[in-house]
Amino acid sequence: MPAVTRDAKNIPEHVAIIMDGNGRWAKKRGLPRAAGHREGAKSLREVLKASREMGVKYLTVYAFSTENWGRPKEEIDFLMKLLSLTIDREVAELVKNGVRLRFLGRLDRFSDELRKKMKQAMDKTANGAGNTLNIMVNYGGRAEIVDAVNELIAERGKNGADEITEQDIQARLYTRDIPDPDLLIRTASEMRISNFLLWQVAYSEIYVTDVCWPDFRGEQFREAIAAYQQRERRYGKL
Ligand code: IPE
Ligand code: IPE
Ligand code: MG
C-alpha cells in the first residue's frame, strides 16, 4: 500500500526543486561534504524516476547557483567533477527513457571540457519526447532576468526602445518554452528562495521539508505532490 493517496488528476505539470542540505546530511554522519553531494546525485535519479511515473512533464532542479562560486575551491572542483561524472553515467539511460535534458544558466563560466560535455548531453537527448529535466547550473534568477533584458536590447538596438511587456521578458528567459512551476520544493528546512527562478515562481506553491536532499527520494517526492494537491490556488482572485 502506498503511504500516500494519489490523485491522478491534479498532477503538477512543472515541479522545481532547490536541492539543499547535502552538506548537513554528510555532517550528521561524520562524512565529508562531498559524500553528501554524491548521495544527492542518486536522489536526483530517484526523483526523476518518480516524476516520470507520476506524469510530471517538467522537472527543474537547482544544482549550482551564481553565489556557489563563493565556496572553497576544493568543494567547487568536486561539484564540477561530479557533474561531469553524472553526465557520463546517466545520459544513455535518459535517452532510453525519452528524457530531454537541458543545462540552463550562464554556461560560459564552466571549463571548455565541461561545457562541451553538457552540450553533447543536450544534443543527444534533444528529441526526448517524454519529460524534460532542466538542471540549473551557474544559475541566478537575477542573472536570468538581466540576460533576458540584454537579449531584448540586442534585438531592438539601443534606440528602438518600445515599451517592454511581461511577455517580452518571459519570452527571453532560459525557461521561455515551458510553463512556470506549479510547485517549488525546497529540502533541508530553509524558507528562502536563494535567487532561484525569481520571475517564474510568482504563483508557485511552495513546499519546504526538513528532509535533506540526499534522503529525498521517490516517497518524499510523492508526499510533496500529495501536499500540493491539497492546496487551493487563487492567483489573486476570490
Ligand atoms: C546543496 O547542498 C548543494 C549545492 C548548493 C551545490 P549544500 O551544499 O548547500 O548543503 P548544506 O546546505 O550546506 O547542508
Ligand atoms: C541554493 O542552496 C543553491 C542550490 C541548491 C544549488 P544554497 O545552500 O546555496 O543556499 P543558501 O546559501 O542556504 O541560501
Ligand atoms: Mg545549502
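Compute the Cα gyration tensor for segment 84-212, then decide on rounded, prolate or oblate, letting a ≥ b ≥ c be the square roots of its eigenvalues: rounded whenever a/c is under 1.5, prolate when a/b is larger than b/c in the other cases, and oblate in all that remain. Cα axes put segment 84-212 in the oblate bin. Accessible surface of residue 206, taken over heavy atoms with a 1.4 Å probe and every protein chain present, rounds to 90 Å². A 1.4 Å probe run over the protein chains yields, for the chain, 55 Å² of accessible area per residue, whole-number rounding. Over the chain, what is the relative contact order in percent, taking alpha-carbon pairs closer than 8 angstrom and at least six residues apart? It rounds to 30 percent for the chain. Coupling constants for segment 13-20 follow from the phi torsions by the Karplus curve (6.51 cos²θ - 1.76 cosθ + 1.60, θ = phi - 60°), and in residue order they are 6, 10, 10, 10, 9, 8, 7, 10 Hz; glycine and proline get x.
Ordered by 1.4 Å accessible area with all protein chains kept, 165, 86 run largest first as 165, 86. For segment 1-126, what class follows from the C-alpha gyration tensor (a ≥ b ≥ c being the square roots of its eigenvalues): rounded when a/c is under 1.5, otherwise prolate if a/b is larger than b/c, else oblate? Cα axes put segment 1-126 in the oblate bin. Across segment 53-60, rounded Karplus estimates of 3J(HN,Hα) from the backbone phi angles (6.51 cos²θ - 1.76 cosθ + 1.60, θ = phi - 60°) give 4, 7, x, 6, 7, 10, 10, 10 Hz, Gly and Pro being marked x.
Qualifying GluC sites (Glu not before Pro) in segment 118-213, where qualification requires a DSSP coil assignment and no more than 10 other C-beta atoms within 10 Å, comprise 163.
Using the Karplus relation 6.51 cos²θ - 1.76 cosθ + 1.60 with θ = phi - 60°, the per-residue 3J(HN,Hα) values for segment 119-130 come to 5, 4, 5, 5, 4, 5, 9, 4, 8, x, 9, x Hz, with x marking Gly and Pro. The mean sequence separation of alpha-carbon pairs under 8 Å and at least six residues apart, normalised by the residue count of segment 142-238, gives a relative contact order of 24 percent. Residues 147, 162 ordered from highest to lowest accessible area at a 1.4 Å probe: 162, 147. Just the protein heavy atoms count here, and of the accessible area of segment 126-181 at 1.4 Å, carbon and sulfur take up 49 percent. The 1.4 Å probe gives accessible areas that order 235, 139, largest first, as 235, 139. Just the Cα atoms of the chain, one point each, no solvent: what log10 I(q)/I(0) does Debye give at q = 0.12, 0.16, 0.18 Å⁻¹? At q = 0.12, 0.16, 0.18 Å⁻¹ the computed log10 ratios are -0.71, -1.25, -1.55.
Near the amide H of residue 101, within less than 5 Å, lie the amide hydrogens of 125, 133, all on another chain or at least 5 residues away, with H placed in the peptide plane.
Near residue 183, the amide H atoms lying under 5 Å from its own belong to 14, 16, 205; only residues 5 or more places off or on other chains count, and H is placed 1.01 Å from N. Extension gain, residue 203-residue 150: 0.36 nm per intervening residue step, less the Cα-Cα distance, totals 16.6 nm. Close amide-amide hydrogen proximity is noted between residue 19 and 62, each under 5 Å apart and 5 or more residues distant or on a separate chain (H modeled in the peptide plane; Pro and chain starts excluded). When you restrict to C-alpha pairs under 8 Å that are six or more residues apart and normalise by the size of segment 64-159, the relative contact order lands at 37 percent. The lysine pair count for segment 94-189, using Cα distances under 20 Å and pairs eight or more places apart or on different chains, is 4.
The values are calculated or read from the model by the stated rules, or taken from the named source; none is laboratory data. This structure is a prediction, so every number in the text was calculated from the model and none was measured. Don't worry about glycine lacking a Cβ; one is built from the backbone with ideal geometry, like all the others, and counts go over all protein chains shown. Just so you know, the surface numbers come from the protein's heavy atoms only, side chains and all, with ligands and any DNA or RNA stripped out. Shrake-Rupley method; radii C 1.70, N 1.55, O 1.52, S 1.80 Å.
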